[in-house]
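The values are calculated or read from the model by the stated rules, or taken from the named source; none is laboratory data. Being a predicted model, the structure only gives us computed values, none of them experimental. Please note: Cβ atoms are built from the backbone with ideal geometry, for glycine as well, and neighbour counts cover all protein chains shown. For the accessible areas, the whole protein counts, side chains as well, though only heavy atoms, and no ligand, DNA or RNA atoms are used. Shrake-Rupley method; radii C 1.70, N 1.55, O 1.52, S 1.80 Å.
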Amino acid sequence: MDHETARIVLGAAIEQAEKSWNEGGIPIGAALSKSDGTIIALGHNQRVQTGDTTAHAETVCFRNAGRRRDWAELTLVSTLSPCSMCTGTAVLHGIKRVVIGENTTYMGAEHWLEEHGVDTLVLHDQRCIDLMTRFQDELPDLWAEDIGK
(Lines give C-alpha, C1' and ligand atoms only; values in the text may rest on other atoms or scores of the structure.)
Protein backbone atom coordinates (compact mmCIF):
# COMPACT_ATOMS: atom_id res chain seq x y z
CA MET A 1 0.00 0.00 0.00
CA ASP A 2 1.49 3.34 -1.02
CA HIS A 3 1.37 6.46 1.18
CA GLU A 4 -1.48 8.07 -0.77
CA THR A 5 -3.69 4.98 -0.45
CA ALA A 6 -2.75 4.68 3.24
CA ARG A 7 -3.92 8.26 3.83
CA ILE A 8 -7.22 7.59 2.05
CA VAL A 9 -7.90 4.49 4.17
CA LEU A 10 -6.82 6.45 7.26
CA GLY A 11 -9.57 8.94 6.39
CA ALA A 12 -12.13 6.13 6.78
CA ALA A 13 -10.58 5.18 10.15
CA ILE A 14 -10.76 8.82 11.25
CA GLU A 15 -14.47 8.87 10.39
CA GLN A 16 -14.85 5.86 12.69
CA ALA A 17 -12.95 7.65 15.47
CA GLU A 18 -15.24 10.66 15.10
CA LYS A 19 -18.25 8.33 15.21
CA SER A 20 -17.07 6.94 18.53
CA TRP A 21 -16.44 10.44 19.89
CA ASN A 22 -19.95 11.52 18.83
CA GLU A 23 -21.38 8.46 20.63
CA GLY A 24 -19.61 9.50 23.84
CA GLY A 25 -16.81 6.99 23.36
CA ILE A 26 -13.08 6.99 22.89
CA PRO A 27 -12.08 8.54 19.53
CA ILE A 28 -10.11 5.73 17.95
CA GLY A 29 -10.98 4.15 14.61
CA ALA A 30 -9.63 1.36 12.45
CA ALA A 31 -9.96 -0.14 9.00
CA LEU A 32 -8.83 -3.35 7.33
CA SER A 33 -8.14 -2.98 3.65
CA LYS A 34 -6.58 -4.57 0.63
CA SER A 35 -3.41 -3.02 -0.76
CA ASP A 36 -5.42 -1.15 -3.41
CA GLY A 37 -7.42 0.61 -0.67
CA THR A 38 -10.55 -1.54 -0.89
CA ILE A 39 -11.95 -1.50 2.63
CA ILE A 40 -12.92 -4.89 4.02
CA ALA A 41 -14.08 -3.80 7.48
CA LEU A 42 -14.28 -0.78 9.76
CA GLY A 43 -14.40 -0.45 13.51
CA HIS A 44 -14.46 2.16 16.22
CA ASN A 45 -13.73 1.96 19.91
CA GLN A 46 -16.90 0.87 21.71
CA ARG A 47 -15.65 0.30 25.25
CA VAL A 48 -17.80 3.05 26.74
CA GLN A 49 -20.83 2.36 24.57
CA THR A 50 -20.94 -1.42 25.23
CA GLY A 51 -19.10 -1.83 28.53
CA ASP A 52 -16.86 -4.40 26.79
CA THR A 53 -13.26 -3.77 27.79
CA THR A 54 -12.01 -5.60 24.68
CA ALA A 55 -14.02 -3.46 22.25
CA HIS A 56 -11.06 -1.45 21.02
CA ALA A 57 -11.32 -0.08 17.48
CA GLU A 58 -8.94 -2.63 16.03
CA THR A 59 -10.56 -5.67 17.66
CA VAL A 60 -14.01 -4.45 16.63
CA CYS A 61 -12.68 -4.07 13.09
CA PHE A 62 -11.36 -7.66 13.12
CA ARG A 63 -14.73 -8.89 14.41
CA ASN A 64 -16.51 -6.98 11.66
CA ALA A 65 -14.26 -8.60 9.03
CA GLY A 66 -15.55 -12.05 9.98
CA ARG A 67 -13.91 -15.33 9.12
CA ARG A 68 -11.25 -14.98 6.44
CA ARG A 69 -8.24 -16.74 5.02
CA ASP A 70 -6.57 -13.68 3.47
CA TRP A 71 -5.42 -11.87 6.63
CA ALA A 72 -1.80 -11.75 5.42
CA GLU A 73 -2.92 -9.79 2.36
CA LEU A 74 -4.70 -7.12 4.41
CA THR A 75 -3.44 -3.91 5.97
CA LEU A 76 -4.64 -2.75 9.37
CA VAL A 77 -5.01 1.03 9.58
CA SER A 78 -5.55 2.61 13.00
CA THR A 79 -5.80 6.22 14.06
CA LEU A 80 -3.62 5.50 17.10
CA SER A 81 -0.66 3.25 17.88
CA PRO A 82 -2.23 -0.11 18.80
CA CYS A 83 -2.12 -1.31 22.40
CA SER A 84 -0.76 -4.72 23.39
CA MET A 85 -4.13 -6.44 22.90
CA CYS A 86 -4.69 -4.97 19.44
CA THR A 87 -1.10 -5.57 18.38
CA GLY A 88 -1.42 -9.17 19.53
CA THR A 89 -4.62 -9.55 17.52
CA ALA A 90 -2.88 -8.27 14.38
CA VAL A 91 0.09 -10.60 14.91
CA LEU A 92 -2.17 -13.57 15.66
CA HIS A 93 -4.07 -13.02 12.42
CA GLY A 94 -0.88 -12.75 10.37
CA ILE A 95 -1.29 -9.12 9.33
CA LYS A 96 1.84 -8.07 7.44
CA ARG A 97 1.34 -4.28 7.34
CA VAL A 98 0.00 -1.78 9.88
CA VAL A 99 -0.53 1.90 9.17
CA ILE A 100 -0.71 4.12 12.26
CA GLY A 101 -2.25 7.57 12.19
CA GLU A 102 -0.16 8.82 15.09
CA ASN A 103 1.90 7.67 18.04
CA THR A 104 2.77 10.94 19.79
CA THR A 105 -0.17 10.95 22.23
CA TYR A 106 0.23 7.23 22.96
CA MET A 107 2.86 4.66 22.04
CA GLY A 108 1.42 1.18 21.93
CA ALA A 109 3.24 -2.09 21.32
CA GLU A 110 4.73 -1.19 17.96
CA HIS A 111 7.92 -3.02 18.90
CA TRP A 112 5.93 -6.29 18.86
CA LEU A 113 4.88 -5.58 15.30
CA GLU A 114 8.48 -5.02 14.27
CA GLU A 115 9.64 -8.12 16.17
CA HIS A 116 7.13 -10.19 14.17
CA GLY A 117 8.19 -8.74 10.83
CA VAL A 118 5.15 -6.53 10.37
CA ASP A 119 5.80 -3.54 8.11
CA THR A 120 4.75 -0.46 10.09
CA LEU A 121 4.11 3.01 8.73
CA VAL A 122 3.41 5.95 11.06
CA LEU A 123 1.78 8.87 9.23
CA HIS A 124 1.93 11.46 12.06
CA ASP A 125 -1.48 12.69 10.90
CA GLN A 126 -2.48 15.96 12.57
CA ARG A 127 -6.19 15.06 12.52
CA CYS A 128 -5.47 11.98 14.61
CA ILE A 129 -3.24 13.91 17.00
CA ASP A 130 -5.92 16.59 17.42
CA LEU A 131 -8.65 14.01 18.16
CA MET A 132 -6.60 12.30 20.87
CA THR A 133 -5.26 15.51 22.37
CA ARG A 134 -8.78 16.87 22.71
CA PHE A 135 -9.99 13.61 24.23
CA GLN A 136 -7.08 13.39 26.69
CA ASP A 137 -7.56 17.03 27.71
CA GLU A 138 -11.35 16.83 28.10
CA LEU A 139 -11.67 13.33 29.61
CA PRO A 140 -8.38 12.42 31.31
CA ASP A 141 -10.02 9.96 33.72
CA LEU A 142 -11.63 8.01 30.87
CA TRP A 143 -8.30 7.93 29.02
CA ALA A 144 -6.55 6.63 32.17
CA GLU A 145 -9.23 3.93 32.46
CA ASP A 146 -8.80 2.94 28.81
CA ILE A 147 -5.04 2.44 29.10
CA GLY A 148 -5.25 0.73 32.50
CA LYS A 149 -3.93 3.46 34.79
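Among the residues of the range 1-27, which ones are among the β-branched types (Val, Ile, Thr) and touching a residue at least 60 places away in the same chain (Cβ under 8 Å)?
Val9, Ile14, Ile26 - these are the residues of the range 1-27 that are among the β-branched types (Val, Ile, Thr) and touching a residue at least 60 places away in the same chain (Cβ under 8 Å).
List every residue pair whose Cβ atoms lie under 9 Å apart, where the two residues are 6 or more positions apart in sequence or sit on different chains, the first residue falls within the range 112-134 and is closer than 17 Å to Thr75 by Cα, and the second residue, located anywhere, is aromatic (Phe, Trp, Tyr) and in a helix (DSSP H, G or I). The qualifying pairs are Val118/Trp112. Residues that are of a type in the set (Val, Ile, Thr) and either surrounded by fewer than 23 Cβ atoms within 10 Å (Cβ to Cβ) or assigned to a helix (DSSP H, G or I) (or both) within the range 76-104 comprise Thr87, Thr89, Val91, Thr104, listed in sequence order. Just wondering, is there one or more residues in the range 121-130 that are polar (S, T, N, Q) and either closer than 20 Å to Gly24 by Cα or open to solvent by less than 50 Å² (accessible area, probe 1.4 Å) (or both)? So far as the range 121-130 goes, no, none of its residues is polar (S, T, N, Q) and either closer than 20 Å to Gly24 by Cα or open to solvent by less than 50 Å² (accessible area, probe 1.4 Å) (or both). The number of residues in the range 1-36 being outside any helix (DSSP H, G or I) and within 12 Å of Leu76 (Cα to Cα) comes to 8.
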